[in-house]
Amino acid sequence: MGMIDKVIGLVFGNSGEMVRDTVEVFRENAEKGAQRSAAAQDQAMAQYAAEFAIERKGGFDRFMDGLNRVPRPALALGTLGLFVAAMVNPIWFAARMQGIALVPEPLWWLLGVIVSFYFGARHQVKTQEFQRSIVRTIAQVPQVVGNIRSINKLRHDSVQVAATGQDAALSLAVIEDAENPALEDWRKAAG
């Protein structure tokens, strides 16, 4: 037996550490990999939360946000208005379209660039606001989970919801027969 123990100890080392170390050269340790992944996730969420921290807006910022909301509805309603104008007064509409036909092509390109930049910047701002709202929502998850647990404890079908615990007076009050005139009348009638 002693010789077998020595051979196994030589091949596998103390408690199999030699085999484990050899295997980890070719395959990642799953537990350590999960720990590294969780740490990286925590760091990314912390950076994400810091980047999109809640910022308070002043009056000017709120005014500019309101002003920035005007062009898209104005463009959409203006286009619909052109369709209505074409149906109501085709001659007036044709005269306006002849004027637009005289606009040089470089000016159309400039208009396209301006509109593209405006809507692209607007899209980026809205995307960042959406990401901030996601961070705020994720930050509320532990509180919501705690609230749900508290609510579930209040359910009538929860485990030991009517338990009296260490309260002796409450335990006696539960066991004692209380006066119940309706129950007494029923017992007399039934019996």
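The values are calculated or read from the model by the stated rules, or taken from the named source; none is laboratory data. Please read these numbers as outputs of a predicted model, since none were measured by experiment. Glycine also receives a Cβ, built like all others from the backbone with ideal geometry; neighbour counts cover every protein chain displayed.
Annotations
- Qualifying positions in segment 164-191 - small (G, A, S) and either in contact with a strand residue (DSSP E or B) (Cβ under 6 Å, 6 or more places away or on another chain) or surrounded by 10 or more Cβ atoms within 10 Å (Cβ to Cβ) (or both): S171, A173
- Residue match in segment 46-64 (condition: farther than 22 Å from K126 by Cβ and either at pLDDT below 85 or acidic (D, E) (or both)): yes
Residues are listed down the side, and each one gets a yes or a no for (1) farther than 30 Å from M64 by Cα; (2) among the acidic types (D, E); (3) in contact with a Cys (Cβ under 8 Å, 6 or more places away or on another chain); (4) modelled with pLDDT under 80:
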{"residue": "G112", "(1), (2), (3), (4)": "no, no, no, no"}
{"residue": "I134", "(1), (2), (3), (4)": "no, no, no, no"}
{"residue": "Q140", "(1), (2), (3), (4)": "no, no, no, no"}
{"residue": "Q143", "(1), (2), (3), (4)": "yes, no, no, no"}
{"residue": "S150", "(1), (2), (3), (4)": "yes, no, no, no"}
{"residue": "K153", "(1), (2), (3), (4)": "yes, no, no, yes"}
{"residue": "Q166", "(1), (2), (3), (4)": "yes, no, no, no"}
{"residue": "A182", "(1), (2), (3), (4)": "yes, no, no, no"}
{"residue": "G191", "(1), (2), (3), (4)": "yes, no, no, yes"}
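Quick grid of which residues meet (1) closer than 20 Å to A74 by Cα; (2) in contact with a His (Cβ under 8 Å, 6 or more places away or on another chain); (3) part of a helix (DSSP H, G or I); (4) not polar (S, T, N, Q):
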| site | (1), (2), (3), (4) |
| --- | --- |
| W108 | yes, no, yes, yes |
| V113 | yes, no, yes, yes |
| Y118 | yes, no, yes, yes |
| R122 | yes, no, yes, yes |
| K126 | yes, no, yes, yes |
| E129 | no, no, yes, yes |
| S133 | no, no, yes, no |
| Q143 | no, no, yes, no |
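- Any hit, segment 142-155, residues being surrounded by fewer than 10 Cβ atoms within 10 Å (Cβ to Cβ), more than 30 Å from M45 (Cα to Cα), small (G, A, S) and under 49 Å from the mean Cα position of the chain (by Cα): no
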